[in-house]
1. What residue, among those in the range 11-37 that are surrounded by 15 or more Cβ atoms within 10 Å (Cβ to Cβ) and at pLDDT 75 or above, is nearest to residue 76 (Cα to Cα)?
2. Suppose we keep only residues that are modelled with pLDDT of 75 or more and either touching a helix residue (DSSP H, G or I) at 6+ places or on another chain (Cβ under 6 Å) or more than 17 Å from residue 6 (Cβ to Cβ) (or both) within the range 45-66. Which one would you say is surrounded by the most Cβ atoms within 10 Å (Cβ to Cβ)?
3. Tell me whether the range 67-77 contains one or more residues that are in a helix (DSSP H, G or I) and surrounded by 14 or more Cβ atoms within 10 Å (Cβ to Cβ).
4. Failed condition for residue 124, given (1) modelled with pLDDT under 85; (2) closer than 30 Å to residue 44 by Cβ, with all others met?
5. Closer than 27 Å to residue 9 by Cβ, assigned to a helix (DSSP H, G or I) and in contact with a strand residue (DSSP E or B) (Cβ under 7 Å, 6 or more places away or on another chain): is that true of residue 44 in this structure?
C-alpha cells in the first residue's frame with residue numbers, strides 16, 4: 001500500500017472534517033473527544049511514516065507502507081511494556097507475591113475441576 005493510499009484510508013476512517021464540524025457546528029463532540037480523534041490520526045501518520053519504505057524515485061507519497069512492519073513494531077512495543085511492568089514489579093518486591101497467588105489460584109482451580117469430575121461420575125452411576 002502506498003502512503004497516498006494509506007492517507008486516503010485514514011481520511012475515511014478518521015474523517016477529520018466531520019470531526020471538526022461536529023465540534024464547532026453541531027456540538028455532538030466535546031473538546032476531548034475531538035482532540036483524541038486528531039491525536040489518533042497524527043499517531044498513525046507518524047507510525048506509518050517511520051515504518052514506510054521510500055520510493056526509488058524519491059516521491060514521498062509513493063513510498064510503500066508494509067503493514068507487517070507496523071504489526072512487528074506494535075508487537076515490540078507490547079513486549080517492551082510487558083517486560084517493563086514485570087521488572088518494575090520485581091524491583092518493588094510484589095512480583096513474587098503475585099506469582100505465589102497465581103500458582104495457588106491455579107492449584108485451587110485444578111482441585112475444583114477434579115472434584116467436579118468425580119461428582120459427575122457419581123451422578124452417572126445414580127442415573128443407571
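The values are calculated or read from the model by the stated rules, or taken from the named source; none is laboratory data. Quick caveat: nothing in here was measured; it's all calculated off a predicted structure. Cβ atoms come from the backbone with ideal geometry, glycine included; neighbour counts cover every protein chain shown.
1. Restricting to residues being surrounded by 15 or more Cβ atoms within 10 Å (Cβ to Cβ) and at pLDDT 75 or above, the top hit is 37.
2. 63
3. Step one: list which residues in the range 67-77 are in a helix (DSSP H, G or I), which gives 67-77.
After this cut, where a residue has to be surrounded by 14 or more Cβ atoms within 10 Å (Cβ to Cβ) as well, the list is 69-70.
Yes, there is a match, as at least one residue in the range 67-77 is in a helix (DSSP H, G or I) and surrounded by 14 or more Cβ atoms within 10 Å (Cβ to Cβ).
4. Going through the list (1) modelled with pLDDT under 85; (2) closer than 30 Å to residue 44 by Cβ, residue 124 breaks only (2).
5. no
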